[in-house]
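Structure record follows, encoded as structure tokens.
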Amino acid sequence: MKYLFLTDGASYFPQLMVDFERAGLYNWYKCMDGEVRLWSDLKHRKHELQDYDIIHINLASSDIGLAAKIAPLIKEASTKLVVNMDYSINYMDKATSLREFILDLNATDCAFGVEPSQVNLINYILSVTGDDREIRLSLMPHPVDTELMQKELWVDYDRRMDILAYQFHKYDSHWEIPRLLMLKLPVICTCLGYSLESFKTQDMPELVMPYIDWDKYIGFLAHCKYGFEYRTHKAASRFVMEAGSIGIPVVTTHDSYMGHMVFPDISHPVEDFFGIRESLKRIIEDEEYRLHLAREGIERLEAYNFENSKKSMEALVDAV
């Protein structure tokens with residue numbers, strides 16, 4: 001199938017072109033052997049939209065309204081319009097125009113969420129605002145390039161360091177509780193992707209790393225033994241997919257969907273402080289247990305590799 005990822009969001013368009021981006025939303029055009037194009041470049045060549053079998057739009061703030069805009073242009077073609085919900089339902093009030101979001105959903109042929117609450121919300125919106133036209137709906141986490149992770153980026157376990165990689169997220173920027181949960185652990189604790197303008201130096205771990213190019217970030221992560229993510233927003237978790245695919249078990253909260261799916265034994269309610277702490281201690285102290293979790297994680301993440309993700313996308317569209 002001929003695939004197009006369409007965006008009007010110049011702010012994140014350059015990221016789609018980075019060769020080393022190998023996880024999350026940006027992987028769809030790669031696993032589909034497709035293209036990425038800007039709507040501003042197609043405005044005067046609208047007929048070219050009908051050349052594609054699939055046009056995929058991410059319902060981020062920069063692209064809200066785009067699906068409803070192009071739907072009439074492909075109405076007479078066999079092209080299928082696919083949209084996905086962006087990041088987290090907890091972030092909707094900051095990222096979307098509700099009216100245009102509803103119009104986009106009702107203009108599409110297929111919609112998917114990357115974790116269950118997104119799918120439930122889309123289903124609810126369509127049931128309340130939609131007409132009788134059937135729109136296919138799916139739960140479909142973004143792809144991860146497991147082949148790249150386990151071949152080109154893999155670091156043997158005996159070369160990895162006693163480092164706990166904690167993933168900071170700018171949209172879920174809690175820090176105090178994760179830091180409390182890492183206190184006095186017998187390893188080097190890190191904060192990756194830190195993006196706040198200021199912080200209290202004494203409250204930070206041994207190593208703080210700002211947002212950096214993905215290839216440098218993943219090169220560092222591949223040398224770590226342990227992972228930790230404390231989410232209070234419902235989201236899929238790209239970090240779990242990246243870390244898990246290079247053999248790092250990640251202690252998470254239940255709001256991390258992939259954490260709960262890939263590492264269920266070390267996924268906890270957000271308020272289970274004692275349980276989270278015990279899981280962190282166990283993956284550090286019990287090497288056999290850690291390697292067991294790592295093997296399980298690698299196996300489970302194959303469901304979201306490029307080959308299987310492509311099959312999922314094609315099955316979603318074929319069902320229309």
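Taking the condition closer than 24 Å to Asp86 by Cβ and either open to solvent by 10 Å² or more (accessible area, probe 1.4 Å) or in contact with an Asp or Glu (Cβ under 7 Å, 6 or more places away or on another chain) (or both), does Gln167 pass?
The answer is yes for Gln167.
Starting from segment 35-53, keep only residues that are over 17 Å from Asp63 (Cβ atoms), then list their pairs with residues that are among the β-branched types (Val, Ile, Thr) whose Cβ atoms are within a distance under 7 Å, requiring at least 6 positions of separation or different chains.
Matching pairs, first to second residue: Gln50/Ile74; Gln50/Thr79; Asp53/Thr79.
For segment 40-63, how many residues meet the condition of being surrounded by 14 or more Cβ atoms within 10 Å (Cβ to Cβ) and over 19 Å from Tyr26 (Cβ atoms)?
4
Select from segment 215-233 the residues that are in a loop (DSSP other than H, G, I, E, B) and open to solvent by 10 Å² or more (accessible area, probe 1.4 Å) and write down the one among them that is farthest from Gln118 (Cα to Cα).
For segment 215-233, the residue satisfying everything is His223.
Consider only pairs whose beta carbons are under 6 Å apart and that are at least six residues apart or on different chains; among these, list those whose first residue lies in segment 303-320 and is closer than 10 Å to Met140 by Cα and modelled with pLDDT of 95 or more and whose second residue is open to solvent by less than 40 Å² (accessible area, probe 1.4 Å) and part of a helix (DSSP H, G or I).
Filtered contacts from segment 303-320: Ser309/Cys31.
Restricted to segment 122-164, and to residues that are in a strand (DSSP E or B) and within 17 Å of the chain's Cα centre (by Cα), which residue is surrounded by the fewest Cβ atoms within 10 Å (Cβ to Cβ)?
Leu139
Going by the conditions given, is Ile212 open to solvent by 10 Å² or more (accessible area, probe 1.4 Å), of a type in the set (Val, Ile, Thr) and in a helix (DSSP H, G or I)?
In short, no.
Between a residue in segment 230-254 that is free of Cβ contacts under 8 Å to residues at least 12 places away in the same chain and any residue that is crowded, with 24+ Cβ neighbours inside 10 Å and in a strand (DSSP E or B), which pairs come within a Cβ distance under 9 Å, given they are 6 or more apart or on different chains?
Correct list of pairs: empty, since none qualify.
Has segment 132-154 got any residue that is out of contact with any helix residue (DSSP H, G or I) (no Cβ under 7 Å at 6 or more places or on another chain), farther than 22 Å from Glu314 by Cβ and at pLDDT 90 or above?
So far as segment 132-154 goes, yes, one or more of its residues are out of contact with any helix residue (DSSP H, G or I) (no Cβ under 7 Å at 6 or more places or on another chain), farther than 22 Å from Glu314 by Cβ and at pLDDT 90 or above.
Output yes when any residue across segment 87-101 is under 16 Å from the mean Cα position of the chain (by Cα), in a loop (DSSP other than H, G, I, E, B) and modelled with pLDDT under 90, and no when none is.
Yes, segment 87-101 has at least one match.
What pairs come up if the first residue lies in segment 143-170 and is among the basic types (Lys, Arg), the second is assigned to a loop (DSSP other than H, G, I, E, B), and their beta carbons are under 9 Å apart, counting only those six or more places apart or on different chains?
Arg159/His223; Arg160/Ala222; Arg160/His223; Arg160/Gly247; Arg160/Ile248; Lys170/Ser195; Lys170/Leu196; Lys170/Tyr211
Quick one: is Met17 modelled with pLDDT of 90 or more, aliphatic (A, V, I, L, M), out of contact with any Lys or Arg (no Cβ under 6 Å at 6 or more places or on another chain) and within 24 Å of Glu147 (Cβ to Cβ)?
no
Any chance you could count how many residues in segment 180-206 are at pLDDT below 80 and on the phi < 0 side of the Ramachandran plot?
The number of residues fulfilling the criteria is 13.
Only one of Gly259, Gly247 is under 26 Å from Arg160 (Cα atoms) and assigned to a loop (DSSP other than H, G, I, E, B). Can you tell me which?
Sole residue among the options that is under 26 Å from Arg160 (Cα atoms) and assigned to a loop (DSSP other than H, G, I, E, B): Gly247.
Looking at segment 268-302, which of the residues that are open to solvent by less than 60 Å² (accessible area, probe 1.4 Å) and outside any helix (DSSP H, G or I) is modelled with the lowest pLDDT?
Per the criteria, the residue is Val270.
How about segment 20-64: which of its residues are part of a loop (DSSP other than H, G, I, E, B), among the acidic types (Asp, Glu) and at pLDDT below 90?
Glu21
Among the numbered criteria (1) open to solvent by 50 Å² or more (accessible area, probe 1.4 Å); (2) closer than 30 Å to Cys110 by Cβ; (3) assigned to a helix (DSSP H, G or I), which single criterion is violated by Val320?
Every condition holds for Val320 apart from (3).
The values are calculated or read from the model by the stated rules, or taken from the named source; none is laboratory data. If you're wondering where the values come from, they're calculated on a predicted model, not measured in any experiment. Glycine also receives a Cβ, built like all others from the backbone with ideal geometry; neighbour counts cover every protein chain displayed. Protein only, heavy atoms only, side chains kept; ligands, DNA and RNA dropped before computing areas. Shrake-Rupley method; radii C 1.70, N 1.55, O 1.52, S 1.80 Å.
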